[in-house]
Amino acid sequence: MPLRKVARVVLLDPRDRILLLHGFEPDDPSRTWWFTPGGGLEGDESREQAALRELAEETGITDVRLGPLLWRRTCSFPFCGRRWHQDEWYYLARTEQTTTRQEGLTELERRSMAGTRWWTVEELAGATEPVYPTRLVGLLRTLLDEGPPSTPVILETERV
């Protein structure tokens, strides 16, 4: 099965909090996790265009400065009755806009997302639910301490 091309956003506010979406399995709402905004490319759009479109659709946030590509990851996971295989690119973005609206969600997203939350790195380190990518706490700490990498970091393949 070919890899689905995905663009994700590591969105930081002026206080260096990261915005994450709260997801759950539609057929089992007790299975929950947190993840970065983003999704698959549509048509001939670039990864950068997809990142901004997905961010607007999933959060209502459009006042952003899209920064460099931070990380790349290949992952595979079960969701909604099938296995997804993705090539994910994570872009840094900054915003002053911290109010979110989930008005542009697809039907599947409406059935599998429970909202958004801004997290400090300390709060994220204490999260009791899974967070994806699984190394996000360490990656975020490095980003905040050292700034964006000079070249994208290739993360290990994750299979859930």
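Miscellaneous remarks
- Magnitude of the charge dipole, the stretch 1-157, Cβ model with Lys/Arg +1 and Asp/Glu -1, debye to 20: 240 debye
- With every protein chain in place, the chain: carbon and sulfur % of accessible area (1.4 Å): 49 percent
- Estimated at 0.36 nm per residue, the fully extended path between Gln49 and Asp28 surpasses their Cα-Cα distance by 4.3 nm.
- Loop-located GluC sites (Glu not before Pro) across the stretch 65-141 with a Cβ neighbour count of 16 or fewer within 10 Å are Glu96, Glu103, with loop assigned by DSSP.
- Between the amide H of Ile61 and those of Arg101, distances stay under 5 Å, these residues lying 5 or more places away or on another chain, with hydrogens modeled in the peptide plane.
- Per-residue 3J(HN,Hα) values for the stretch 90-96, derived from phi via the Karplus relation 6.51 cos²θ - 1.76 cosθ + 1.60 with θ = phi - 60°, read 10, 9, 6, 8, 10, 8, 9 Hz in sequence order (x marks Gly and Pro).
- Summing Lys and Arg as +1 and Asp and Glu as -1 over all other residues whose Cβ lies under 13 Å from the Cβ of Arg65 gives a net charge of -3.
- Stretch in the chain that is longest and holds no trypsin sites (Lys or Arg not before Pro) that DSSP places in a loop and that have at most 12 other beta carbons within 10 Å: 16-100
- Taking the charge dipole of the chain about its Cα centre, with +1 at Lys and Arg Cβ atoms and -1 at Asp and Glu Cβ atoms, the residue from Pro68, Leu105, Leu136 reaching farthest to the positive side is Leu136.
- Think of a 1.4 Å ball rolled over the protein heavy atoms: the stretch 24-132 then has 49 Å² of accessible area per residue.
- The residues neighbouring Ala114, those whose beta-carbon lies less than 12 Å from its own, together hold a net charge of +1 under the Lys/Arg +1, Asp/Glu -1 convention.
The values are calculated or read from the model by the stated rules, or taken from the named source; none is laboratory data. Quick caveat, the model's predicted, so the values are computed rather than measured. For neighbour counting, all protein chains shown are included, and Cβ atoms are generated from backbone atoms with ideal geometry for every residue, glycine included. Please note that ligands, DNA and RNA were not included when accessible areas were found on the heavy atoms of the full protein model with its side chains. Shrake-Rupley method; radii C 1.70, N 1.55, O 1.52, S 1.80 Å.
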